[in-house]
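Here the structure is laid out as structure tokens; the discussion comes afterwards.
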Amino acid sequence: KAKFGFPFILAVRNATKYTVLSSIEGRVGNMVEAEFVAALGQVHKIAWMRLLAGVRIDNPAGFLTCHVLDTANGCPAANMRIHLKRLSPPESAGFIAEYKTNSDGRLPSGPALKGTDFQVGVYEWTFFVGDYFASKNNELTGTPFLDEVPIRFGIDDPEEHYHVPLLVSPWSFSTYRGS
């Protein structure tokens, strides 16, 4: 308060101690105007998390999808095995399902999560890219550079569409929140 003229505000729910310390370190050098904007953003985040915790959504409109593109062969990654796990909240954590992509590199049954199964939390896709590229007869070493590619992500809004594309070769991958 002495530095900025208002309390230092930081949303810490779901944050590790390293995230908290990094946030403080990243903001302590702010000018007053920049810190005011950051503090308002934190107030918004706190309000959002409280709203999510206090409101029950019986049939969320959001859903989760993925799409895998083979950048080495220039095609959708058909027949790639994928696992989906929920990591948090702890009371509903665990293995959700195994999938195999269709000819377009997508899940054949549509969204992996929708309706009451689509919940706020932390999830992890595991893409079995080593098996996939072995089936494509790509020249690989004895130990694949990439074998299983885990992507950990959070779902924060049960009313949104979360799309997780994976662009992958035997030597690299990238992802982003798609639409």
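The values are calculated or read from the model by the stated rules, or taken from the named source; none is laboratory data. All values derive from a computational prediction rather than experimental measurement. Every residue, glycine among them, receives a Cβ derived from its backbone with ideal geometry; neighbour counts consider all protein chains shown. When the accessible area is computed, the model is the full protein with side chains, heavy atoms only, and any ligands, DNA or RNA have been set aside. Shrake-Rupley method; radii C 1.70, N 1.55, O 1.52, S 1.80 Å.
The figures follow:
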read-out: Equivalent ellipsoid semi-axes, region 80-124, via Cα gyration tensor eigenvalues times 5, rooted, Å; value: 22, 11, 7
read-out: 18 Å Cα-Cα reach of K17 towards aspartates and glutamates, excluding residues that sit fewer than 8 places from it in its own chain; value: E25
read-out: Of all accessible heavy-atom area on region 14-131, the percent that carbon and sulfur account for (1.4 Å); value: 58 percent
read-out: Under 20 Å from the Cα of K114 - lysines, other chains or at least 8 residues apart; value: K85, K100
read-out: Charge dipole magnitude, Cβ of K and R +1, D and E -1 - the chain, Cα centre, debye nearest 20; value: 520 debye
read-out: Projected area averaged over orientations for the chain, convex hull of C-alpha atoms, nm²; value: 13.1 nm²
read-out: Long-range HN-HN contacts of A97 with modeled amide H, under 5 Å; value: L84
read-out: Percent antiparallel among DSSP beta bridges (both partners in the chain, rounded to 5); value: 80 percent
read-out: Å² per residue, accessible surface of region 1-105 at 1.4 Å; value: 64 Å²
